[in-house]
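A short worksheet on the structure shown next.
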Amino acid sequence: MRWHTRLPFTAKHGGQVKCYPTKNCRVGFYTRPDALPKGEGFSPIQRIELMKMILVSACLLGVKCRYDGESRPDERLLEMASEVVFIPLCPEQLGGLSTPRIPARIVGGNGEDVLNNLAKVIDSSDRDVTGQFINGAKEATRIAKLMRASVAIMKEKSPSCGVRFIRKNDSTVEGMGVTSALLMREGIQVISSDEINCYRLKPMAGR
């Protein structure tokens, strides 16, 4: 197999580790321990430590958790799923909202403003669901820390997961969703589902 790229390897173990390519996605990543090259001197513990834990908006992996009860599977991620460790989650479900549910939007700012109590999240029936969105963001962040995930791939335009854009009424505006804002605040690399090919997932150096 031809190697796609070489990424820096943690100084604790020395040297470098190579990464497998996928057919349509040019993202570099650490593979599962059982997919690592044989005979490179890795112990079982070192192989476990090499695992890349990546948070992913669950709808991108085909989980029907969107507000309308549907999903938005991304073929690039589905292709990668056999080679990396994805942690699917839906912040809005984690915050206590049901599926399906009434769609919601951020009013008065963006996700960062919601975290700073400067904006609210209101659903289309005018119910304030700010608390559920913040709770979901906190739960997603707690899971990221528990699993030592350093990267999150989030669904663009969502009031929870949007990275560069969020939906407001019938338009798309610049801004970050509540969960993505909190993950970034906590030092987790947040990648838009619309820009996967533009990024190389960095190794968890020093973790």
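If the condition is being in a loop (DSSP other than H, G, I, E, B), aliphatic (A, V, I, L, M) and either touching a helix residue (DSSP H, G or I) at 6+ places or on another chain (Cβ under 7 Å) or without any contact (Cβ under 8 Å) to a residue 40 or more places away in the chain (or both), then the range 75-107 contributes Ala81, Leu97, Ile102. For Ala144, state whether it is outside any loop (DSSP other than H, G, I, E, B), touching a Pro at 6+ places or on another chain (Cβ under 6 Å) and either on the phi > 0 side of the Ramachandran plot or at pLDDT 95 or above (or both). Here the answer is no, as Ala144 does not meet what is asked.
Quick one: is Ile166 surrounded by 15 or more Cβ atoms within 10 Å (Cβ to Cβ), outside any helix (DSSP H, G or I), in contact with an Asp or Glu (Cβ under 9 Å, 6 or more places away or on another chain) and in contact (Cβ under 8 Å) with a residue 40 or more places away in the chain? Considered against the rule, which asks whether it is surrounded by 15 or more Cβ atoms within 10 Å (Cβ to Cβ), outside any helix (DSSP H, G or I), in contact with an Asp or Glu (Cβ under 9 Å, 6 or more places away or on another chain) and in contact (Cβ under 8 Å) with a residue 40 or more places away in the chain, Ile166 comes out as yes. Screening Ser82 with (1) touching a strand residue (DSSP E or B) at 6+ places or on another chain (Cβ under 9 Å); (2) of a type in the set (Gly, Ala, Ser); (3) within 20 Å of Val56 (Cα to Cα) gives one miss only, at (1). Any idea which residue in the range 124-141 is farthest from Ile106 (Cα to Cα), counting only those that are of a type in the set (A, V, I, L, M, F, W, C) and assigned to a helix (DSSP H, G or I)? The extreme case among them is Ala140. When the residues of the range 80-97 are filtered to those that are of a type in the set (A, V, I, L, M), at pLDDT below 95 and touching a Ser or Thr at 6+ places or on another chain (Cβ under 9 Å), the one that is nearest to Leu55 (Cα to Cα) is Val84. Scanning the range 169-200 for residues that are part of a loop (DSSP other than H, G, I, E, B), surrounded by fewer than 18 Cβ atoms within 10 Å (Cβ to Cβ) and in contact with a strand residue (DSSP E or B) (Cβ under 8 Å, 6 or more places away or on another chain) yields Asn169, Tyr199, Arg200.
Close contacts from the range 58-74, counting a first residue that is modelled with pLDDT under 95 and a second that is outside any loop (DSSP other than H, G, I, E, B), with Cβ to Cβ under 6 Å and a gap of 6+ residues or different chains, come to Asp74/Leu60.
The values are calculated or read from the model by the stated rules, or taken from the named source; none is laboratory data. Computed from a prediction, not measured in an experiment: that's the story for all the values here. Backbone-built Cβ (ideal geometry, glycine too); neighbour counts: all protein chains shown.
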